[in-house]
Amino acid sequence: MLLLAVVLLAALWELYKLVIPADGVRVGDALILPRSDDTSMPHLSEIFGAFGEQEVAGASGTVLSSVISAVWYSLRLAAAGFAVGVVVGFLLALAMQRLRTVERALLPYVVLSQTVPLIALAPLVYGWSGNLTLFGLDWKPWMSVSAISAYLAFFPVAIGALRGLSSPPPVQTELLRCYAASWWQTLVRLRLPASVPYLIPALKLAAAAAVVGAIVAEISIGLPGGIGRLIITYAQQATGDPSRVYAPIVGAAVMGLVAVGLVSLLDFGLRRYHTPKEAM
Amino acid sequence: MTTPAAVTLEGVGKRFGEGASAVQAVTGIDLTVAAGEFVSLIGPSGCGKSTLLRIVANLIEPSEGSVLVNGKPASRARLDQDYGIAFQSAGLLEWRTVQGNVELPLGLHGVGKAQRRQQALELLDLMGLADFASHRPSQLSGGMQQRVAIARALARRPALLLMDEPFGALDEMTRERMQSELIRICAETGAAVVFVTHSIPEAVFLSQRVVVMSPRPGRVTEIIDVPLAARDEDVREAEPFFATITDVREALRGRGRAPVAEEGPA
């Protein structure tokens with residue numbers, strides 16, 4: 001299915017170039033459909049051909065190798081952010097599930113946290129953490145990127161886990177109470193397994209959000225080494241080599257797919273808990 | 001040493017809410033259920049029969065009065081697992097097998113794996129579910145799910161079974177078969193049962209005594225002894241059965257007073 005979608009998208013891209021004039025379609029002065037010339041929309045062969053180009057004339061590294069190393073770098077930052085985000089989101093959900101008052105107090109802020117534009121936040125985090133030392137560790141710029149990544153990732157986890165942990169019907173929670181089960185036993189035997197169908201989609205969202213957060217934070221902070229910086233660098237070279245602009249974008253997309261794919265593996269491992277709800 | 005009564009209620013009442021908006025759900029309930037006795041609570045919707053069962057189960061605290069289960073305070077009895085409970089909805093955990101569901105209360109109290117398994121299989125055998133031990137709840141019919149729930153309620157070998165309309169969602173045929181099975185199981189385990197229902201024939205067929213309750217605030221209006229010797233299928237067509245049904249129906253209507261709606265929508 002995925003393969004088919006990719007092929008279809010590629011066909012659409014080339015069809016657009018074939019059908020739409022190079023200057024785009026205009027009604028009066030307004031541009032209705034974007035330009036399809038080779039600077040704006042290079043042929044797919046050129047886009048993928050760009051991966052094979054020399055990064056800098058005369059140097060040994062290709063564009064592909066720098067995209068791969070940038071993806072690997074950013075993916076690790078995103079993974080760190082994802083991990084922190086999942087833990088924080090889950091702990092928040094646990095606290096909110098445990099105490100209604102915590103939910104009432106916290107939930108509005110959890111939602112509010114996501115309305116702040118990320119671009120505005122990234123330099124702030126970077127600025128605040130300038131001379132920070134945590135547990136004997138000096139705060140490094142990459143940690144700011146992961147922190148912002150975590151900031152995006154925790155949200156879907158907090159919301160999804162809260163719904164999941166609260167999903168068992170009263171008959172099941174009362175049953176566990178009749179068995180004199182402790183809060184911890186109820187969590188492990190009932191609430192956690194019941195939350196899996198809610199948690200998996202939340203983790204997928206969080207994985208994608210962590211990747212986006214990492215890339216945007218890299219750009220915003222100006223951290224070198226990752227895919228975010230590469231997008232800027234190649235965009236600046238666009239006049240000379242338009243096809244190269246797409247290389248890091250393809251890299252970023254692959255990165256997101258890898259992240260979500262890893263969560264899907266987890267989903268497969270937990271499929272036992274994904275069974276349909278009981279009829280009654 | 002004499003066996004303590006399974007349930008002793010003295011002057012039990014329950015108010016929900018505070019002040020002017022408070023609702024008196026039940027009031028002045030005195031009731032004793034002897035060890036091994038089968039007692040049904042019957043009454044129109046909103047008479048507080050489920051509330052009363054929940055008070056016995058220590059799921060809610062009474063506003064007044066005292067509750068003893070097996071001679072202990074209700075909270076102690078719950079912690080000691082002196083009763084098993086089954087609700088109208090089976091409430092099985094979908095991610096566990098049938099056997100895993102029956103093992104749940106055992107696992108919570110540190111029963112070893114081998115013993116858990118053996119006990120669960122015995123109970124499933126008792127409920128006629130031996131062939132379904134490794135099935136998922138979603139693969140079973142409603143009646144079978146309810147039987148799993150009853151097996152689970154029996155897992156700790158309780159001296160008292162609390163049942164809140166456990167057959168309420170089942171069709172009539174399945175329901176009658178389940179009633180007969182319950183009679184058999186009670187005979188085998190010797191457990192006392194407090195059984196909430198709003199079906200008069202069900203209450204009469206199952207119980208030694210039927211406790212008739214009136215609505216808002218719920219109180220016991222009458223306790224009717226059921227004079228049935230045996231509880232087999234023939235009883236359902238015998239004269240004493242019908243006579244007792246009539247008796248309970250009249251008690252529900254309030255004997256000569258203006259008729260009370262017998263059955264509201266649940």
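The values are calculated or read from the model by the stated rules, or taken from the named source; none is laboratory data. Only a predicted model underlies this, so the values are computations on that prediction, with no experimental measurement involved. Quick reminder, even Gly has a Cβ in these numbers, built from the backbone with ideal geometry, and neighbours come from all protein chains shown.
Data overview
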quantity: Matching residues, the stretch B:142-154, being touching a Leu at 6+ places or on another chain (Cβ under 7 Å) and either of a type in the set (Val, Ile, Thr) or more than 12 Å from every other protein chain (Cβ to nearest Cβ) (or both); calculated: B:ARG147, B:VAL148, B:ALA151, B:LEU154
quantity: Unique match (being under 19 Å from the mean Cα position of the chain (by Cα) and farther than 20 Å from B:THR221 by Cβ) among B:ALA20, B:ALA86; calculated: B:ALA86
quantity: Qualifying residue in the stretch A:130-140 (condition: surrounded by 12 or more Cβ atoms within 10 Å (Cβ to Cβ), within 14 Å of another protein chain (Cβ to nearest Cβ) and either touching a residue at least 40 places away in the same chain (Cβ under 8 Å) or in contact with a helix residue (DSSP H, G or I) (Cβ under 7 Å, 6 or more places away or on another chain) (or both)); calculated: no
quantity: Residue ID - farthest from A:SER149 (Cα to Cα), chosen from residues in the stretch A:190-206 that are in contact with a helix residue (DSSP H, G or I) (Cβ under 7 Å, 6 or more places away or on another chain) and within 12 Å of chain B (Cβ to nearest Cβ); calculated: A:LEU190
quantity: Some residue of the stretch A:164-172 being surrounded by fewer than 16 Cβ atoms within 10 Å (Cβ to Cβ), within 14 Å of chain B (Cβ to nearest Cβ), over 28 Å from the mean Cα position of the chain (by Cα) and under 23 Å from B:LEU93 (Cα atoms); calculated: yes
quantity: Among residues of the stretch A:193-219, those that are more than 16 Å from the chain's Cα centre (by Cα) and either surrounded by fewer than 24 Cβ atoms within 10 Å (Cβ to Cβ) or at pLDDT below 85 (or both), counted; calculated: 5
quantity: Among the residues listed as A:VAL111, A:VAL102, the single one being closer than 27 Å to A:LYS204 by Cβ, surrounded by 14 or more Cβ atoms within 10 Å (Cβ to Cβ) and either under 26 Å from the mean Cα position of the chain (by Cα) or not small (Gly, Ala, Ser) (or both); calculated: A:VAL102
quantity: Per-region count, the stretch B:27-47, residues part of a loop (DSSP other than H, G, I, E, B) and more than 14 Å from B:SER214 (Cβ to Cβ); calculated: 4
quantity: Candidates B:ARG136, B:ARG152, filtered to the one that is among the basic types (Lys, Arg), in contact with a strand residue (DSSP E or B) (Cβ under 8 Å, 6 or more places away or on another chain) and closer than 16 Å to B:ALA90 by Cα; calculated: B:ARG152
quantity: Boolean, A:VAL145 is within 14 Å of chain B (Cβ to nearest Cβ), in contact (Cβ under 8 Å) with a residue 40 or more places away in the chain and crowded, with 18+ Cβ neighbours inside 10 Å; calculated: no
quantity: Single unsatisfied condition, B:THR32 versus (1) touching a Ser or Thr at 6+ places or on another chain (Cβ under 8 Å); (2) within 24 Å of B:ALA203 (Cα to Cα); (3) within 14 Å of another protein chain (Cβ to nearest Cβ); calculated: (3)
quantity: Exclusive hit being closer than 30 Å to A:LEU99 by Cβ and touching a residue at least 12 places away in the same chain (Cβ under 8 Å), set A:ALA206, A:ALA252; calculated: A:ALA206
quantity: Which numbered condition A:LEU187 fails, given (1) in contact with a Leu (Cβ under 7 Å, 6 or more places away or on another chain); (2) modelled with pLDDT of 90 or more; calculated: (1)
quantity: For B:SER134: the one exception among (1) among the polar types (S, T, N, Q); (2) more than 21 Å from the chain's Cα centre (by Cα); (3) assigned to a helix (DSSP H, G or I); calculated: (3)
quantity: Test result for B:SER50, within 13 Å of another protein chain (Cβ to nearest Cβ), among the polar types (S, T, N, Q), buried (at least 17 other Cβ atoms within 10 Å of the Cβ) and part of a loop (DSSP other than H, G, I, E, B); calculated: no
quantity: Residues of the stretch B:96-107 satisfying the condition of being over 15 Å from B:LEU154 (Cβ atoms) and either outside any loop (DSSP other than H, G, I, E, B) or outside the structural domain of B:PHE132 (by TED's automatic domain parsing) (or both); calculated: B:GLY100, B:GLY107
quantity: Candidate set from the stretch B:210-248 (those that are charged (D, E, K, R), touching a residue at least 60 places away in the same chain (Cβ under 8 Å) and under 19 Å from B:THR51 (Cα atoms)); member that is surrounded by the most Cβ atoms within 10 Å (Cβ to Cβ); calculated: B:ARG219
quantity: Boolean, B:ARG157 is more than 13 Å from chain A (Cβ to nearest Cβ) and part of a loop (DSSP other than H, G, I, E, B); calculated: yes
quantity: Of all residues making up the stretch B:89-141, the number that are loosely packed, with under 15 Cβ neighbours inside 10 Å, under 21 Å from A:ARG272 (Cα atoms), small (Gly, Ala, Ser) and within 11 Å of chain A (Cβ to nearest Cβ); calculated: 2
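This table checks each residue for (1) at pLDDT below 80; (2) within 17 Å of A:ALA214 (Cβ to Cβ); (3) assigned to a helix (DSSP H, G or I).
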{"residue": "A:ARG76", "(1), (2), (3)": "no, yes, yes"}
{"residue": "A:GLY81", "(1), (2), (3)": "no, yes, yes"}
{"residue": "A:VAL86", "(1), (2), (3)": "no, yes, yes"}
{"residue": "A:GLY89", "(1), (2), (3)": "no, yes, yes"}
{"residue": "A:ALA95", "(1), (2), (3)": "no, no, yes"}
{"residue": "A:LEU106", "(1), (2), (3)": "no, no, yes"}
{"residue": "A:TYR109", "(1), (2), (3)": "no, no, yes"}
{"residue": "A:LEU121", "(1), (2), (3)": "yes, yes, yes"}
{"residue": "A:LEU124", "(1), (2), (3)": "yes, yes, yes"}
